[in-house]
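A short reminder: the numbers here are calculations on the coordinates, not readings from a lab. Keep in mind the model is a prediction, meaning the values are calculated, not measured. With ideal geometry, Cβ positions are generated from the backbone for all residues, glycine too; neighbour counts draw on all protein chains shown.
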Amino acid sequence: MQYPQSSLAGFTFIYVLGILLGMVIAISQVFSTEILLIEGLSHLFILVIWGFFFLPQSQKEEAGNRIQTAGYLHTLIGFASALILLGSSAFNQGELNAILYPLGSALSTSIVGWLLGGEISSLGENYEKKRVKSEFQQLIDEIQEFTGAIQEVHSTYLSTMTQVYRSYRQLQEEQENLLRQHQDLQSRIMEETQNFHYNLFTTNTEATQELNQLFTQSSERLQELETLVARTTEEMKHLDPLLDSFSQLKNNSDLATNNLAEVAQASRRTAQYLNESQALMRELEKLLDYITTVKTS
């Protein structure tokens, strides 16, 4: 239900107007004492109806306090009217009845004001309590929701960190495995390379020694052949021992033939060495290609 903003202002206006009207009636002594009772009760009932039906719950506590105050003020107004009557006339039985009526009416307004005003005030207090309780409950619900959100975020954070740590450990293990494989591969490559260089050096050394030996033997045979040729030439100058020269020439020719055969054998050995060197070079090229492939992968 929507309440106009002027409800409390109108209620205050009626409250003040009723009190002032009661004071005028009590002080003027123009109207009968019944009028003071009717005005006080009517004023209180108007305030009660206004407070119950035309004011929001948040303003009922203030309205109830004012209704109680109005009842108390009407009681004071009634006592004031009785005192005025007591001071303005002689004291007899008729005047005593006139004095007692305002006193009774004053007590009636006080009872009505405190009774109904307390009820309206309690409605406002209950409303405030319910409102505060509702706000506290809403605050508690928001705190619980916030706490649940924090717990969910914390759980998600822990789960994410655990997953990241496991992924990191797995990656680290893979890197260690790859590093060990790489080290093993390098060790094998170094071993193969050292073996290849050792075999190549040994083969080259042996081939060089054989070539040197063959060249030395060939040089010796050539020197012997030159010596024989020179001797033959010198002997041919003398025709007397011609037959002996031809025999010697035959022997020299046989020796030269043998030397040439040894040279041919050395050439064959040299060719074999070159073939072996070419085979070693092909193996070296394969090894270099394998190393390049490993580095590229």
* With each pseudo-label sitting 7 Å past Cα toward Cβ, what's the Val24-Phe54 distance in nm, one decimal? -> 1.9
* Work out, step by step, the length gained on full extension between Phe201 and Thr270: first 0.36 nm times the residue separation, then minus their alpha carbon distance; give nm to one decimal. => 23.2 nm
* **Order of Lys60, Lys286 - criterion: other Cβ atoms within 10 Å of each residue's Cβ, fewest first** => Lys286, Lys60
* Please list 63-75, 175-187, 35-47, 202-214 highest first by mean number of surrounding beta-carbon atoms within 10 Å per residue. => 63-75, 35-47, 202-214, 175-187
* Simple label model, 7 Å out from Cα along Cβ direction - Leu158 to Gln209, nm -> 7.7
* **Label-point separation in nm, Leu178 to Ile14, each point 7 Å along Cα→Cβ** => 8.9
